[in-house]
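Participant: Sharing a structure here in structure tokens format.
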Amino acid sequence: MTLKMSREELAAYIRGIFPQVGDDFIIENLSDSETAIRLVVGEKHLRPGGTVSGPSMFALADVAMYFAILARIGREALAVTTNCSIDFMRKPEANTDLIARAVIHKLGRALVVGDVLIYSQGMEKPVARASLTYSIPPLQKGAGTSPAQEEVLVDGD
């Protein structure tokens, strides 16, 4: 899927609309096929037992998909999560950054479906897998089509 924003444009946009995630998440890679986001793991992300907490991994999966969607549809800040299912498969290392790799499988007029694999830096196998669905906000009556919806219409969806 064609990108509407570069890595730098997306990072600047996110800093403007969603500054509370700026210190925790870094855009590692942005390509037509995948979006990679790093969670800079700190004490606030850890749980008893010396591992990264489930809510922190959930946040990484959600943010990774949100960034992947925005990079492809453009400045649609109100795209929202409608469903997320996450499987925690391995214990991530404490105090080691996590890397999420988000892939969009379907970009439709109203819904986006994708998957995220989360890796503990230095581990070959993923520590978690998430499947997410996002809703793209409907157009205001009489507003025409958004750039994201125009692309979908051109692609024949």
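The values are calculated or read from the model by the stated rules, or taken from the named source; none is laboratory data. Keep in mind the model is a prediction, meaning the values are calculated, not measured. In this analysis, Cβ positions are derived from the backbone assuming ideal geometry, glycine residues included, and neighbour counts consider all displayed protein chains.
Participant: Residues that are closer than 20 Å to residue 115 by Cα and either part of a helix (DSSP H, G or I) or at pLDDT 95 or above (or both): does region 38-51 have at least one? Full working, then the answer.
Facilitator: Initial filter on region 38-51 (closer than 20 Å to residue 115 by Cα): 38-39.
Narrowing the set further to residues that are either part of a helix (DSSP H, G or I) or at pLDDT 95 or above (or both) leaves 38-39.
Looking for residues that are closer than 20 Å to residue 115 by Cα and either part of a helix (DSSP H, G or I) or at pLDDT 95 or above (or both), one finds at least one in region 38-51, hence yes.
Participant: Would you call residue 32 of a type outside the set (Lys, Arg) and more than 13 Å from the chain's Cα centre (by Cα)?
Facilitator: Numbers: of a type outside the set (Lys, Arg): yes; more than 13 Å from the chain's Cα centre (by Cα): yes.
Here the answer is yes, as residue 32 does meet what is asked.
Participant: Would you pick out the residues in region 80-109 that are under 20 Å from residue 32 (Cα atoms) and in contact with a strand residue (DSSP E or B) (Cβ under 7 Å, 6 or more places away or on another chain)?
Facilitator: Looking only at region 80-109, we keep the residues that are under 20 Å from residue 32 (Cα atoms), and these are 99-109.
Those that are under 20 Å from residue 32 (Cα atoms) and in contact with a strand residue (DSSP E or B) (Cβ under 7 Å, 6 or more places away or on another chain): 99, 100, 101, 102, 103, 104, 105, 106.
Participant: Same structure again: If you check 14, 73, 27, 69, which single one turns out to be farther than 19 Å from residue 135 by Cα and buried (at least 17 other Cβ atoms within 10 Å of the Cβ)? Step through it out loud before you land on a result.
Facilitator: Working: 14 fails: farther than 19 Å from residue 135 by Cα; 73 fails: farther than 19 Å from residue 135 by Cα; 69 fails: farther than 19 Å from residue 135 by Cα.
Exactly one of 14, 73, 27, 69 is farther than 19 Å from residue 135 by Cα and buried (at least 17 other Cβ atoms within 10 Å of the Cβ), namely 27.
Participant: While we're on this one: Identify, from the list 52, 63, 21, the residue that is under 21 Å from residue 109 (Cα atoms) and either in contact with a helix residue (DSSP H, G or I) (Cβ under 8 Å, 6 or more places away or on another chain) or touching a residue at least 40 places away in the same chain (Cβ under 8 Å) (or both). Steps first, answer last, please.
Facilitator: Working: 52 fails: under 21 Å from residue 109 (Cα atoms); 21 fails: under 21 Å from residue 109 (Cα atoms).
One residue alone meets the criteria, 63.
Participant: Here's another thing I want to ask about it. For residue 78, state whether it is over 18 Å from residue 129 (Cβ atoms), touching a residue at least 12 places away in the same chain (Cβ under 8 Å) and surrounded by fewer than 16 Cβ atoms within 10 Å (Cβ to Cβ).
Facilitator: Working: over 18 Å from residue 129 (Cβ atoms): yes; touching a residue at least 12 places away in the same chain (Cβ under 8 Å): yes; surrounded by fewer than 16 Cβ atoms within 10 Å (Cβ to Cβ): yes.
It is true that residue 78 is over 18 Å from residue 129 (Cβ atoms), touching a residue at least 12 places away in the same chain (Cβ under 8 Å) and surrounded by fewer than 16 Cβ atoms within 10 Å (Cβ to Cβ).
Participant: If you scan region 30-45, which residues turn out to be buried (at least 16 other Cβ atoms within 10 Å of the Cβ) and either among the aromatic types (Phe, Trp, Tyr) or over 25 Å from residue 73 (Cβ atoms) (or both)?
Facilitator: 41, 45
Participant: Given 128, 79, which one is in contact with a Phe, Trp or Tyr (Cβ under 6 Å, 6 or more places away or on another chain) and at pLDDT below 95?
Facilitator: Only one candidate passes the filter, namely 79.
Participant: Filter region 113-130 down to residues that are of a type in the set (D, E, K, R) and outside any strand (DSSP E or B) and give me whichever is surrounded by the fewest Cβ atoms within 10 Å (Cβ to Cβ).
Facilitator: First, the residues of region 113-130 that are of a type in the set (D, E, K, R): 115, 124-125, 129.
Cutting the leftovers down to outside any strand (DSSP E or B) gives us 124-125.
Numbers: 124: 6, 125: 9.
Among those that are of a type in the set (D, E, K, R) and outside any strand (DSSP E or B), it is 124.
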